[in-house]
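Student: Questions regarding the structure given below will be posed in turn.
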Amino acid sequence: MKTLKFFALLFVMSLFGITSCEGPQGEPGRPGKDGNANVQSGTVKVSAEDWVWDANACNWYLDLEWDAIDYDMVDYGAVLVYMENPGEDFYAWHQLPLTLYPSDQYSATLETVYYDFKVTIYWTNSDLKSHENPCDFYNSDMEFKVVLIDAVLYSKYQNEDLSNYETVKQLFNITTEEKIFLNSTEALR
């Protein structure tokens with residue numbers, strides 16, 4: 001008798017488990033829009049005092065620390081960094097690495113390196129000499145956006161042009177942005 005009750009209970013539980021996992025039927029042939037549960041975005045505004053000069057490497061750099069940047073994100077997902085060009089020629093978000101031509105005499109290249117919990121942005125002048133702080137040069141604060149995409153979602157969109165921030169924003173339904181910290185001590189301004 002106990003065996004029969006056990007199997008009856010097991011049968012009822014399995015039916016409940018099967019039916020409770022189903023969701024509403026979607027419209028045929030119309031896939032839903034991906035949400036942003038597997039995408040995180042943050043913005044940080046930096047000023048001249050946030051940049052650090054490295055005399056050995058002949059470049060300026062700044063560290064953006066964010067606990068969402070972990071080994072899985074760096075190794076398998078995507079860490080995308082965009083900079084708003086502070087020049088008067090055009091305003092748009094440009095993906096790094098990026099080479100700017102702030103004058104006729106030289107260019108400046110912005111590159112990124114990713115670590116666990118941190119993105120370092122390097123600003124290197126083509127003449128490899130001590131040059132003006134990036135914010136002082138443009139006489140403006142600078143703004144960066146960081147977008148983190150987990151591995152599964154990133155693999156689905158690898159053939160898309162993710163260099164355009166507006167495309168990324170629409171593809172991944174980015175509506176809110178988190179705070180990113182500079183050198184783990186300053187919050188987003």
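The values are calculated or read from the model by the stated rules, or taken from the named source; none is laboratory data. From a predicted model like this one, the values you see are computed outputs, not experimental measurements. Glycine gets a Cβ as well: all are built from the backbone with ideal geometry, and neighbour counts include every protein chain shown. Accessible surface is based on the protein model in full, side chains and every heavy atom, while ligands, DNA and RNA are left aside. Shrake-Rupley method; radii C 1.70, N 1.55, O 1.52, S 1.80 Å.
Student: Give Glu132, Glu166 a once-over and let me know the one that is in a helix (DSSP H, G or I) and either under 24 Å from Ala55 (Cβ atoms) or modelled with pLDDT under 90 (or both).
Tutor: Glu166
Student: With the requirement that a residue be at negative phi, open to solvent by 30 Å² or more (accessible area, probe 1.4 Å) and among the aliphatic types (A, V, I, L, M), what does segment 99-134 give you?
Tutor: Across segment 99-134, the qualifying residue is only Val113.
Student: Related question: Of all residues in segment 50-82 being surrounded by 12 or more Cβ atoms within 10 Å (Cβ to Cβ), among the hydrophobic types (A, V, I, L, M, F, W, C) and over 25 Å from Ala151 (Cβ atoms), which is modelled with the lowest pLDDT?
Tutor: Step by step, filter segment 50-82, then rank; the result is Cys58.
Student: Right, Leu64: in a strand (DSSP E or B) and in contact with a Gly (Cβ under 9 Å, 6 or more places away or on another chain) or not?
Tutor: On the way: in a strand (DSSP E or B): yes; in contact with a Gly (Cβ under 9 Å, 6 or more places away or on another chain): yes.
Yes: the conditions hold for Leu64.
Student: Going through segment 130-159 one residue at a time, which ones are over 19 Å from Leu98 (Cα atoms) and of a type outside the set (A, V, I, L, M)?
Tutor: Looking only at segment 130-159, we keep the residues that are over 19 Å from Leu98 (Cα atoms), and these are 130, 139, 149-159.
Of everything in segment 130-159, those that are over 19 Å from Leu98 (Cα atoms) and of a type outside the set (A, V, I, L, M) turn out to be Ser130, Asn139, Asp150, Tyr154, Ser155, Lys156, Tyr157, Gln158, Asn159.
Student: Another question, if that's okay. Give all pairs with beta carbons closer than 6 Å in which a residue from segment 41-68 that is on the phi < 0 side of the Ramachandran plot meets a residue that is surrounded by 19 or more Cβ atoms within 10 Å (Cβ to Cβ) and of a type in the set (D, E, K, R); count only pairs at least 6 apart in sequence or on separate chains.
Tutor: Matching pairs, first to second residue: Thr43/Lys145; Leu62/Asp50.
Student: Quick check on segment 135-152. Is at least one of its residues under 13 Å from Ala78 (Cα atoms), surrounded by fewer than 16 Cβ atoms within 10 Å (Cβ to Cβ) and at pLDDT 90 or above?
Tutor: Looking through segment 135-152, at least one residue is under 13 Å from Ala78 (Cα atoms), surrounded by fewer than 16 Cβ atoms within 10 Å (Cβ to Cβ) and at pLDDT 90 or above.
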